[in-house]
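**Student:** I have a structure I would like to understand better, so I am pasting it below and will then ask my questions one at a time.
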Amino acid sequence: MFDNSSILVTGGTGSFGYTFIPMLLNKYAPDKVIIFSRDEMKQWEMAKKFQNDQRVRFFIGDVRDRGRIYRALDGVDYVVHAAATKIVPTAEYNPFECIKTNVNGAMNVIDACIDKGVKKVVALSTDKASSPINLYGATKLTSDKLFVAGNSYAGSHNTRFSVVRYGNVMGSRGSVIPFFMSIRGDRKLPITDPRMTRFMISLEQGVELVWHTFRDMEGGEIYVKKIPSMKVTDIAKTIAPDAEHKIVGIRPGEKLHEQMISTEDSFYTYEYSEYYKILPAIHNWDKDINRIKLGEKVPEGFIYSSDNNSNWMTEEELGSWIDLNKKKIGSI
């Protein structure tokens with residue numbers, strides 16, 4: 001569907017963009033791929049990877065700047081909204097700045113996409129948006145609600161919005177795998193809580209879910225990939241099997257377990273072979289057969305959490321993944 005089309009990625013110099021852009025160029029034949037972000041140094045570094053591909057364009061801008069988004073979206077068919085303030089402690093100590101990017105920025109993207117005639121928009125969300133306990137999660141839940149409502153807010157315009165929600169991305173900058181790898185020579189590894197669990201997803205899986213969303217969406221759905229869980233202590237054992245563990249306690253705003261579908265969401269959630277889909281509660285869209293398709297309603301009270309998952313990644317499976325991805329761990 002991306003052949004002969006123009007695609008824009010907000011926050012495109014982040015972890016998602018570094019994987020999405022080459023995968024997109026290898027699989028499809030787009031006319032133009034625009035990386036929209038505010039860090040010129042990251043754009044300069046990324047541009048070196050695509051210096052011989054005239055389809056890749058770079059656009060300095062911030063989602064807080066509505067006028068700049070309007071200019072960047074000229075002639076764009078599809079948008080992936082990946083821009084966000086994401087670090088939990090940063091959001092806790094800089095709440096106004098987090099809201100400006102994650103909430104006001106989402107509103108700007110929605111308005112601009114409608115007015116510029118973008119066909120479809122997929123916004124990236126996070127497990128922290130489900131039953132949020134920190135400001136980052138609260139802003140992303142707000143963003144999710146904005147993108148869902150954007151489908152009715154568009155009025156007579158044809159722009160459609162959906163959301164992709166996933167958890168811990170293996171090997172991305174700031175995540176636990178590169179952190180443990182950087183200090184595995186130490187005698188002790190810091191563990192927040194020995195009970196802590198996390199979902200495990202690769203960036204490639206995240207990209208493929210975004211592609212599926214563009215193909216499947218009617219507008220307003222939240223797509224949640226079925227992925228394995230792992231205990232943080234088992235991640236530590238895989239990376240540094242001989243190291244001791246030092247319990248340091250949970251950081252402000254951090255959850256013991258990741259959650260992507262809450263019990264309240266269960267009333268509107270359908271299960272498919274490789275993912276779940278939370279349908280919009282507004283306008284009775286949760287009963288729309290075009291959105292449900294072949295899905296099976298989950299039981300009332302269902303929760304999709306990293307501690308109650310039926311699918312668990314083994315230490316051997318994680319070790320194999322690390323061996324195959326050593327070069328890029330922590331670099332994107």
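The values are calculated or read from the model by the stated rules, or taken from the named source; none is laboratory data. Treat the numbers as computed from the prediction; the structure is a model and nothing was measured. Positions of Cβ are backbone-derived with ideal geometry, glycine not excepted, and every protein chain shown enters the neighbour counts.
**Student:** One residue is enough: does the stretch 138-145 have a residue meeting the conditions under 21 Å from T13 (Cα atoms), in contact (Cβ under 8 Å) with a residue 60 or more places away in the chain and either outside any helix (DSSP H, G or I) or not polar (S, T, N, Q) (or both)?
**Tutor:** Within the stretch 138-145 (the criterion being under 21 Å from T13 (Cα atoms), in contact (Cβ under 8 Å) with a residue 60 or more places away in the chain and either outside any helix (DSSP H, G or I) or not polar (S, T, N, Q) (or both)), the answer is no, since none of the residues qualifies.
**Student:** Something else: Can you pull out every residue in the stretch 17-28 that is over 18 Å from V109 (Cα atoms) and in contact with a Ser or Thr (Cβ under 9 Å, 6 or more places away or on another chain)? Walk me through it before giving the result.
**Tutor:** Residues of the stretch 17-28 that are over 18 Å from V109 (Cα atoms), as a first pass: 18-28.
Those that are over 18 Å from V109 (Cα atoms) and in contact with a Ser or Thr (Cβ under 9 Å, 6 or more places away or on another chain): Y18, T19, Y28.
**Student:** Let me ask something else about it. In the stretch 172-194, is there at least one residue being closer than 27 Å to I292 by Cα, in a loop (DSSP other than H, G, I, E, B), touching a helix residue (DSSP H, G or I) at 6+ places or on another chain (Cβ under 9 Å) and not acidic (D, E)?
**Tutor:** Looking for residues that are closer than 27 Å to I292 by Cα, in a loop (DSSP other than H, G, I, E, B), touching a helix residue (DSSP H, G or I) at 6+ places or on another chain (Cβ under 9 Å) and not acidic (D, E), one finds none in the stretch 172-194, hence no.
**Student:** Hey, another quick one. So which strands (runs of 3 or more DSSP E) are wholly in the stretch 199-256 and hold at least 2 residues that are aliphatic (A, V, I, L, M)?
**Tutor:** 222-225
**Student:** With the condition kept exactly as written, say whether any residue in the stretch 229-245 is under 30 Å from L8 (Cβ atoms), surrounded by fewer than 21 Cβ atoms within 10 Å (Cβ to Cβ) and at pLDDT 95 or above.
**Tutor:** Checked the stretch 229-245: no residue is under 30 Å from L8 (Cβ atoms), surrounded by fewer than 21 Cβ atoms within 10 Å (Cβ to Cβ) and at pLDDT 95 or above.
**Student:** If I ask for residues that are over 29 Å from M170 (Cα atoms) and either touching a Leu at 6+ places or on another chain (Cβ under 7 Å) or in contact (Cβ under 8 Å) with a residue 40 or more places away in the chain (or both), which ones from the stretch 293-313 would you list?
**Tutor:** K293, the sole residue that qualifies.
**Student:** Could you run through the stretch 67-117 and say how many residues are small (G, A, S), under 30 Å from V176 (Cα atoms) and touching a Gly at 6+ places or on another chain (Cβ under 8 Å)?
**Tutor:** 4
**Student:** When you look at T19, is it among the β-branched types (V, I, T), surrounded by 17 or more Cβ atoms within 10 Å (Cβ to Cβ) and without any contact (Cβ under 8 Å) to a residue 40 or more places away in the chain, yes or no?
**Tutor:** Numbers: among the β-branched types (V, I, T): yes; surrounded by 17 or more Cβ atoms within 10 Å (Cβ to Cβ): yes; without any contact (Cβ under 8 Å) to a residue 40 or more places away in the chain: no.
Considered against the rule, which asks whether it is among the β-branched types (V, I, T), surrounded by 17 or more Cβ atoms within 10 Å (Cβ to Cβ) and without any contact (Cβ under 8 Å) to a residue 40 or more places away in the chain, T19 comes out as no.
**Student:** crowded, with 23+ Cβ neighbours inside 10 Å and either among the aliphatic types (A, V, I, L, M) or modelled with pLDDT of 95 or more (or both): does that describe G61?
**Tutor:** When the stated conditions are applied, G61 does not pass them.
**Student:** If you don't mind, another one. Test S273 against the criterion of being more than 21 Å from the chain's Cα centre (by Cα), in a loop (DSSP other than H, G, I, E, B) and polar (S, T, N, Q), and give yes or no. Walk me through how you get there before you give the answer.
**Tutor:** Numbers: more than 21 Å from the chain's Cα centre (by Cα): no; in a loop (DSSP other than H, G, I, E, B): yes; polar (S, T, N, Q): yes.
In short, no.
**Student:** Please tell me if M200 is crowded, with 22+ Cβ neighbours inside 10 Å, under 23 Å from the mean Cα position of the chain (by Cα) and under 16 Å from Y304 (Cα atoms). Full working, then the answer.
**Tutor:** Details: crowded, with 22+ Cβ neighbours inside 10 Å: yes; under 23 Å from the mean Cα position of the chain (by Cα): yes; under 16 Å from Y304 (Cα atoms): yes.
Considered against the rule, which asks whether it is crowded, with 22+ Cβ neighbours inside 10 Å, under 23 Å from the mean Cα position of the chain (by Cα) and under 16 Å from Y304 (Cα atoms), M200 comes out as yes.
**Student:** Looking only at the stretch 146-172, count every residue that is touching a strand residue (DSSP E or B) at 6+ places or on another chain (Cβ under 9 Å) and within 30 Å of K328 (Cα to Cα) and tell me the total.
**Tutor:** Residues flagged as touching a strand residue (DSSP E or B) at 6+ places or on another chain (Cβ under 9 Å) and within 30 Å of K328 (Cα to Cα) within the stretch 146-172 amount to 9.
**Student:** Which numbered condition trips up M260, out of (1) assigned to a strand (DSSP E or B); (2) surrounded by fewer than 20 Cβ atoms within 10 Å (Cβ to Cβ); (3) within 22 Å of the chain's Cα centre (by Cα); (4) not hydroxyl-bearing (S, T, Y)?
**Tutor:** Result: M260 passes all but (2).
**Student:** Filtering the stretch 146-171 down to residues that are in a loop (DSSP other than H, G, I, E, B) and closer than 25 Å to N309 by Cα, which residue is farthest from the chain's Cα centre (by Cα)?
**Tutor:** G171
**Student:** Let me ask something else. I'm checking my understanding of the structure. Among residues of the stretch 283-330 that are among the β-branched types (V, I, T) and more than 25 Å from Y272 (Cα to Cα), which one is modelled with the lowest pLDDT?
**Tutor:** Filtering first and then ranking leaves I329.
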